[in-house]
1. Considering every pair of different Cα atoms, what Kirkwood radius, in Å, is found for region B:526-657?
2. Cα atoms only, region B:819-979: Rg and Dmax in Å?
3. If DNA, RNA and ligands are ignored and the probe is 1.4 Å, what is the ranking of B:Phe587, B:Phe520 by accessible area, most exposed first?
4. For region B:204-339, what percent of Cα pairs sit more than 22 Å apart?
5. Chains B and A: how much accessible area gets covered up at their contact, both sides added, probe 1.4 Å, in Å² to the nearest hundred?
6. Relative contact order of chain B, please, whole-number percent, based on alpha carbon pairs below 8 angstrom and at least 6 residues apart.
7. Search the structure for amide H atoms under 5 Å from the amide H of B:Asp916, placed 1.01 Å from N in the peptide plane, and list their residues when 5 or more places away or on another chain.
8. Which angle between 0 and 90 degrees, to the nearest 10, do you get for helix B:364-382 versus the longest principal axis of chain B when only C-alpha atoms count?
Amino acid sequence: MRRLTATERHPVRFTLNGKPAEGTAHPRMLLSDFLRGVQGATGTHVGCEHGVCGACTVRIDGAMARSCLTFAVQIEGAEIDTVEALAPAPARLSVLQDAFRKHHALQCGFCTPGILMSLDTLLATESQADAERIRDVLSGHLCRCTGYQPIVAAALDAAQTLREETDNA
Amino acid sequence: MPKDGLHQTMLRVEDAPLLTGRGQFFDDLPTPHGTVHAAILRSPHAHAKITDISTDAARRLAGVHAVLTGEDYASVASPLMVGVKLPIECWPIAQNKVRYVGEPVAVVLADDRYIAEDAVDLIDVSYDTLAPVIDPLKALADDAPVLHDEMGSNLGADRYFSYGDPDGAFAEADHVVEISVRYPRNSCTPIETYGVLTRWDPHTRSYDVLSNFQGPFSIHPVIARALNVPGNRLRLRTPEDSGGSFGIKQGVFPYIALLSACARLTDRPVKWVEDRLEHLTASVSATNRAITLRAAVTAKGRVTALDYDQVEDVGAYLRAPEPATLYRMHGNLCGAYDIANLRVRNRIVMTNKTPTGLNRGFGGPQIYFALERLMQRIAVELGLDPVNVARDNLISSGAFPYRTASGATYDSGDYQNAFDTALKDGRYDALCQKRDAARAQGRLYGIGLTVAVEPSVSNMGYLSTALTPAERAKAGQKNGAQSCATIAIDPVGSITVQIDSVPQGQGHKTVAASIVAERFGLEPGAITVVAAMDTGKDAWSIAAGNYSSRFAAASAGAVRIAAGRLRERIAAIAASQLDARPEDIEFGNGKVFIASNPEAALAFARVASTGHWAPGTLPEGIAAPMRETAIWTAPELTAPTEEDGINSSLCHAFIFDFCGVEIDPVTHEARVDHYVTMHDCGTILHEGMVEGQIRGAFAQAVGAALYEEYAYDDDGAFLAGTLADYPVPTVHEIPDLTILHTCTPSPLTPLGAKGVGEGNCMSTPVCIANAVADALAPASGNVDVTLPLSPARIASYLPDEPAPPEGIAQPRPGPGKGLSGQGEAHVGAAPQEIWDLLMDADQLAAIIPGAHGVKRLSPTHFLADVTLGVGPVKGRYRVQVGLSDLDAPNNATLTGKAGGALGTGEGSGRVTLTPDGSGGTVIGYSYDAAVGGKVASVGGRLLDGAAKIVIGQFFAALGRRAGDAPQPDGIIARMCGWIGGRR
């Protein structure tokens, strides 16, 4: 592990949504602040800064992580995926995003990026995920608008679609 | 019922940007060059005089631009206006005195937030603490500590109302049934917190503010007055997106005033984003309320009169628009029931808690908790079926429009039909059978009911009911609720709509696009709707904003009116070009055509843009259809009458809920097994959004019923400073929900719609409470249940709670962070040696855990700087230790007082030194302590353990100093083991 000086900014080189990225950060800078403030990737939101609400969830080397509980300097060399990377093209939505829209699985949309990152990771790794498993993963997120039921419905619908796509491929 | 062929199921236009990370929330927007970032130092005390604020060290920190206090604010700005006449000053930052935990004391402006927070920790504030008062009824006592000396007491207002003949009804009643309830503090806590970006222009002497404020814009004049500028020198803008509000983001306005003053004082743009601890501690809260409600009841269960005695706790200041929570429901105090006689006493009281404000349901949860608990109690006491008691008292189907005792006009409804339909379609009979079967097995299963009227579109005049008729006459009449919408047609005939409703996710843009598209025969996707508000250029009134479920009933109506006016003008232009009559013109598929001859068609864009390109060709008397602003208020929203009658809202939806709840026999957790909610919200404009509102409100209400409370300890310490301590429900906590609808359109709104956004926040908490009370009844009889119905609270209602095992202390009920304990340690040195160590500052420095140095101020007073960690909070404290009741070398009393950026502590302990007979000493100790500030808010659950660890460390060190290995008792030895001895 690198030894870092508290009072200096340190270079951080990593991959952001498939593209090489870099910036500098003091050792205490949170990854959420680094992504939003330094990298300009404002899709990741900050809701509590103590790891409960899940709005800031991103993917670090393929695994879900709270960017508010991660220091920017920890991601040196890592692959980071954020909500900005989920859509297949600028004017399109992913299967999961489209299902969210169809099922009214978002209202204000502030918690949504974190939820999408978790469910996208789940569906990518567990194609057979059922309602119980989806609820299990979703329980790491707080949503104040929807009452959660439409989110579960959207995730189930997306899982079904993704399985059919795989079967037909 | 669909109306106007609206696109009831269309996908939301809001969603694609939000799903792809392209939202435009407050903190996503760019900041001007030179912006400085604010962090706020807040009071750790509930009630204290500020004797000194030392900011030198904070100012000297590199990157800090300014450290500002209440005195600085007062040099350029004024207190916030108060809605009723009171001799108090409501400042957005403390002036010499703090009155609640979390009250702003100083603001640091720095290059970034990290530096600003560092500097906050360097500010040294000295306080003289005062006795606080937390309970609203205790605050009314003659000997209660007084928050505002100017008032002489904590009673803010005391008003009596009488409608009909309540005295006669109570005199004639067969039964009088009474219930006393407490409604707790809670909040719908949006996931996005407050944000303010503000600039001052010294040349025009004007402020330009961007904030995720939600309205009502009646607050705009309050801010402008506080900043000593006319309204046109306060430009208040909102971002396009807002991450939830539920009323809460009304409460950002004191920070708009505070930070704008900071921007003026430093001549820099100032930005502040509230953090979650700040939000939970000090943003805003629903009011807590104590209500005693009595009913005059006939032998058959018919209620003939109600008598409310309400004590509303607004916290430390009466902050605009309070006391609105108390008066929002004033026309609806008899709920959905036909009760002609009503007596009300409304008192407002101030306590050492965060000031209150808007929160979804706004007054409804408090009223219905009392009223519907009472209706259940009536059924129990008279031995009647609660279904029959509710149904027999409902306003009858033929009675609409119905005027309530206190002056509201219920616009439409068929309550019996909705009630009966819900019983049938929601399978109430099956639920009763399930309960009976469960009870036969000895299980704790209960059923609860609620009927409620959900008011929407608040009359901006209702708050003046808080004033006496004489005061109202003097202050001038207030009434109405203006909604504004502007539709603009550009030179290529495409359409932009500006709405005044400041949505936070409700989908207003989609509905507005649908309404306009339908009027013009266009695709909704072709319409652009702008939700970001700008008081500098958009149409708005005091009623603008997102509250009282006003969009569907009012703002959407204004959109339709504006579209209708433009449609008429475009039809006239088309008629002149097609040589037809305007009434024969129709719109569809992007064309304007003659109904009887669709071939004779013009492109909509061409006709609609005529005003830009060829105004000379417009038919005589037809204004160019380029921009239309509709401003609409309902004439029914009249001012309070001489007799205090008030039509407090325009529309009144109906709700009937019932549910089955089972209490786990082991954990005492209440589990909602079956929940049915019936709504009549008039015309539904978008099915998915209506369902979303109901499900969202329901989920928040389940949180309020079972989990959430802004809890305070008796000393005013705030105990819910994290989302672990304020447990917002996750998906696992939200039960299934059956939603049913009937429809009686409102005759008073342009689209027949009524509000639907708040109803379940009003109906669901008490419905669950009634079910829990019913479940408890066989074992416990009548129980006055209080929310939230946590397992610990339910256990306290059950009769046969098993005694704890021998030697295990009964845990303190409810939340709390007062610490007490006692114990013994054995040290192999004589009492005199121990005594000498305790009296020696240098020795104490080595013994007190985490001490950096101990100064002896007098033979019996010491001062120490100590670093301590409690759970996630590690901080530096200045500790004053005093010794008294000295009886050398046998016993002494130690009193300690600690303070630091992270919180405060105060306590005392008694130490006794007893020779053990073999040269050693048995040290006995007992202590009582209390802590406050951040450490209490976020570390409360960990404090007991932390205290024991620190005490263990102390005696271990004492033993080592005395030249002997320590032999403390078992638990302390284990804890010392856990923490590895000294650190």
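The values are calculated or read from the model by the stated rules, or taken from the named source; none is laboratory data. Only a predicted model underlies this, so the values are computations on that prediction, with no experimental measurement involved. In this analysis, Cβ positions are derived from the backbone assuming ideal geometry, glycine residues included, and neighbour counts consider all displayed protein chains. Surface accessibility is based on the protein's heavy atoms, side chains included, excluding ligands, DNA and RNA. Shrake-Rupley method; radii C 1.70, N 1.55, O 1.52, S 1.80 Å.
1. Working: mean 1/r = 0.0559 Å⁻¹.
Across region B:526-657, the inverse of the average 1/r is 17.9 Å.
2. When restricted to the Cα atoms of region B:819-979, Rg and Dmax are 15.0, 46 Å.
3. Details: B:Phe587 25, B:Phe520 0 Å².
Descending order: B:Phe587, B:Phe520.
4. On the way: 4818 of 9180 pairs.
Distances greater than 22 Å cover 52 percent of the Cα pairs.
5. Approximately 4000 Å², summed over both chains.
6. On the way: 2435 pairs, mean separation 122.0, N = 983.
Once divided by the residue count of chain B, the mean separation gives 12 percent.
7. It is B:Thr921, B:Val922, by chain and number.
8. Tilt of helix B:364-382: around 80 degrees.
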